[in-house]
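The next block holds one structure in the form of structure tokens; read it before the comments.
The values are calculated or read from the model by the stated rules, or taken from the named source; none is laboratory data. Note that the structure is predicted; figures quoted are calculated from it, not measured. Quick reminder, even Gly has a Cβ in these numbers, built from the backbone with ideal geometry, and neighbours come from all protein chains shown. Ligands, DNA and RNA are stripped out before the accessible areas are found, and what is left, the full protein with its side chains, is counted by its heavy atoms. Shrake-Rupley method; radii C 1.70, N 1.55, O 1.52, S 1.80 Å.
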Amino acid sequence: MNKIGLTDQDIVALVDCNNFYVSCERVFDPSLEGKPVAVLSNNDGCLVSRSNEIKALKIPMGAPGFKHEALIRKHGGVLLSSNYTLYGDMSRRVMDVLGKFSPELEIYSIDEAFLGLNGFRVRDLEAYGRKIRETVRKWTGIPVSVGISRSKTLAKVANHYAKRYSGYCGCLVMLDDERIQKALEKLPVSEIWGIGRQYDKFLRQNKIANAWQLRNAPEQFIDHYMTSVGHKTVLELQGFSCIDLDEAPAPKKSIVVSRSFGKQVSELEELEEAVSTYITRAAEKLRAQHSVAGHLMVFLNTNRFKEGPQYNNAAQMTLSPPTAYTPDLIKTALELLRDLWLPGFEFKKAGVMFSEIMHEDDVPLNLIETNYLDDERKALADTIDRINRHCGRDTVFYASSGIRQDWQMKRARLSPSYTTRWSDLMKTK
């Protein structure tokens, strides 16, 4: 394996929010503390976030909520609908706090971030990690675990133990060789970041059952059987930092917005409302990264689990010139939808996808049609975005998205949008 140009002197921290969706709910409803709490997926389906009390009841992640609701209620617990608006805003607040602890910050997911701590070597890193935990908890209410080591993969391992063993008090620094060896010897290969189910099965067949064995596997074996990602994983386990921090993630090359409906939808009018809403959300994401789309696809799906005839289809169109102007995108999407729709079918899901995405500055000149970036449409779209960011989503919305939206996914247990809607602000007596 090629180690030229790599270093084993980097220091990387992984900060991971504990049971993030549940923790967000508990920040604004302290009565949930100590109770079994689970957050459900779209349409109140499966468990996607579990409190430690739910885990103690041996209820697995992804289990259908209705199957375990009686057991959870028996132990004084609750099931909640996903409140993505709340979770997204709380994630932003956590990441803002983390940015104060290092100039190198990579937001890895909604509840995880890597921090570069090179130059912090003179500090007591364990005390620094605990300060990160205490500050995030104090400023946002969200509990986090911190793992610190020589590479991203080892930081993931350190975080794994920091979260699961109370003796570490939520923070584990893993820099010395002896501590790294002990941690890797106890870690199954299936728990290693980047090792999927097939790799796990293959490695076990070749008598590599834990992370320490993979770290020390013969180079000939690694070179012959593992991909470039696998090579990087082994080097990272050896302490060589070869997965760089991505402080400025690349703009998305495609954007998909899709939801399952809360009921079977057969009327074209309701499908038009849904597609208009999805286009609005996708266009907001385009403009947020200062991009435009050159291609649009709309798709419809019936319920494959329901008996009877099925219909799944998609229609697409090239956008010339590329745009991110919502009214134009809605008009095009509805034209595609009308070509797709067939009467007599009950649809379970619809969605839209933007592709051929490019930055606003790279849009080619069009001699026939003016781009929305060059006239008042750009100012109008930016103004609507500012209003909705300041006053709450859909303060200004498009009439084609409808008002009642009876097709929306089921969220019977939805908590208030405490941080993003004026009417939902908490009131004190």
*Tell me, what are the semi-axes, in whole angstrom and largest first, of the equivalent ellipsoid of the range 132-179 as set by the roots of 5 times the Cα gyration tensor eigenvalues?*
21, 11, 8
*From the backbone phi of the range 78-93, what are the Karplus-calculated ³J(HN,Hα) couplings (6.51 cos²θ - 1.76 cosθ + 1.60, θ = phi - 60°) in whole Hz, Gly and Pro given as x?*
9, 10, 10, 6, 5, 10, 5, 5, 5, 5, x, 5, 5, 4, 4, 5
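In the range 32-151, carbon and sulfur make up what percent of the accessible area (probe 1.4 Å)?
Values: 2880 of 5510 Å².
Answer for the range 32-151 is 52 percent, counting heavy atoms of protein chains only.
Counting Lys +1, Arg +1, Asp -1, Glu -1, what net charge surrounds residue 322 among other residues with beta carbon under 14 Å of its beta carbon?
On the way: positive: 253, 287, 377, 378; negative: 328, 356, 360, 361, 362, 369, 374.
With Lys, Arg at +1 and Asp, Glu at -1, the net is -3.
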*What residues have an amide H closer than 5 Å to that of residue 357, excluding those fewer than 5 places away on the same chain, when H is modeled at 1.01 Å from N in the peptide plane?*
294
*In sequence order, what are the phi-derived ³J(HN,Hα) couplings for the range 412-425 according to the Karplus relation 6.51 cos²θ - 1.76 cosθ + 1.60 with θ = phi - 60°, rounded to whole Hz, with x for glycine and proline?*
5, 10, 6, 7, x, 8, 4, 10, 10, 9, 4, 5, 9, 4
_Karplus 3J(HN,Hα) series, Hz, for the range 201-214 with 6.51 cos²θ - 1.76 cosθ + 1.60 (x for Gly, Pro)_ = 4, 5, 5, 5, 4, 9, 6, 10, 9, 10, 5, 5, 5, 5
*asked:* I'd like the projected area of the range 5-149, averaged over all directions, using the convex hull of its alpha carbons. Report it in nm² with one decimal.
replied: 10.1 nm²
*Any chance you could check the Cα centroid distance between the range 79-148 and the range 369-389 for me, in angstrom?*
34 Å
*Can you give the angle from 0 to 90° between the axis of helix 228-237 and the longest principal axis of the chain, with both taken from C-alpha atoms, to the nearest 10?*
40 degrees
*Hey, of [x] 21.5, 65; [y] 24.5, 70; [z] 23.3, 70, which did the structure itself give for Rg and Dmax of the Cα atoms in Å when calculated?*
[y]
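Quick one: of 55/263; 100/152; 306/410; 35/138; 253/410; 100/253, which pairs are farther than 25 Å apart, Cα to Cα?
Details: 55/263 31 Å; 100/152 20 Å; 306/410 18 Å; 35/138 21 Å; 253/410 30 Å; 100/253 30 Å.
Beyond 25 Å between Cα atoms: 55/263; 253/410; 100/253.
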*Using amide H atoms built 1.01 Å from N in the peptide plane, name the residues 5+ places from residue 174, or on other chains, whose amide H lies under 5 Å from its own.*
148, 149
*How much area per residue is accessible in the chain when the probe is 1.4 Å and only protein heavy atoms are counted (Å²)?*
52 Å²
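Run the dipole for the range 248-331 about the Cα centre, Lys and Arg Cβ at +1, Asp and Glu Cβ at -1, nothing else charged, and hand back the magnitude in debye, nearest 20. The partial results should precede the final answer.
Numbers: 10 positive and 8 negative charges, 95 e Å.
The dipole of the range 248-331 has a size of about 460 debye.
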*Contour minus Cα-Cα distance for residue 227 and residue 31 (0.36 nm per residue)*: 65.7 nm
_Quick check on packing: order 303-310, 103-110, 381-388 by the mean number of other C-beta atoms within 10 Å, highest mean leading._
103-110, 381-388, 303-310
